[in-house]
Amino acid sequence: MIGIDEARQYYQGHESTHDFDHVLRVLALAERIARAEGGDLEVVRAAALLHDVGRAQEEVTGEDHAAIGAARAREILAGHPPEKVEAVAEAIASHRFRSGPPPETPEARALFDADKLDAMGAVGIARAFARAGAQNRRLWVPPDVAAAQGDGTPEHTAVHEFVVKLSRLREMMTTATGRALAEERHAFMVEFFARLEAEARGQA
């Protein structure tokens, strides 16, 4: 329905945590999950390649990038079988962490889990620090401080991101394959942030 080279053009200028490298990682994970769990791989590939095309517009207008992306996918994929285009749009519309309809089809669940997995493990930690660094945030704060401040604080660091969001992602997985991968990635993050705290306090 759409190839990598064609999809790449829709991600020019995206910030590093949601650039085309993110899309390619999500694509690989979504295909892996769909092969294990079932689902139309053609739909999964198209949905993964287009799932964040609305993010740049969201940053300007504040609209939901998942809804924007679903609408844009319908336009980009016009001319393909309507049922497949709608399956792609449905998967994109339901991939968001904070809002949107729940993923109900095998393709939507594969995309949802893949997108969340890319925010976990070593890659998830790297993304959290990349964003915090771009915003000139502190390297470390005590986890209890991050928990008390919660989301939305101007002091939002990578530790906040782990405490508030990343530590909860394993509970959101919708497939057995996603849950198994999430358990491993979650354990890595817990170990990393515990080590970071020990070093920051001079205990290791």
Problem set entry | Among A91, I33, G62 the positive-end extreme of the charge dipole of segment 1-103 (Cβ point charges) | I33
Exercise. Against the longest principal axis of the chain, how steep is helix 106-117, in degrees 0 to 90 to the nearest 10, with axes from Cα atoms?
Worked result: 30
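Suppose we look only past 28 Å in the calculated P(r) of segment 47-204. What percent of the Cα-Cα pairs does that tail hold? Show your work: numbers first, answer last.
Values: 3558 of 12403 pairs.
Of the Cα pairs, 29 percent sit more than 28 Å apart.
With the radius of gyration and the Kirkwood radius both derived from the Cα set of segment 1-102, what is their ratio Rg to Rh?
Working: Rg = 12.6 Å, Rh = 13.5 Å.
Checking Rg against Rh, the ratio lands at 0.93.
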Problem set entry | For segment 128-176: rounded, prolate or oblate by the Cα gyration tensor [a/c cutoff 1.5] | prolate
Exercise. Counting only Cα, what are the radius of gyration and maximum Cα-Cα distance Dmax of segment 46-122, in Å?
Worked result: 12.0, 39
Problem set entry | For segment 126-204 and segment 1-66, distance of Cα centres in Å | 23
For this session: Provide, as a two-decimal number, the C-alpha radius of gyration of segment 119-204 over 2.2 N^0.38 Å, N being how many residues it has.
Result: 1.09
Exercise. Rounded to the nearest 20 Debye, what is the dipole magnitude of the chain about its Cα centre when Lys and Arg each give +1 and Asp and Glu each give -1 at the C-beta?
Worked result: 480
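Any read-out appearing in this document is the output of simple, stated calculations on the displayed coordinates, not a laboratory observation. Every value quoted in this text rests on a predicted model; they were computed, and no experiment measured them. Neighbour counts run over all protein chains shown; Cβ positions are idealised from the backbone, glycine included.
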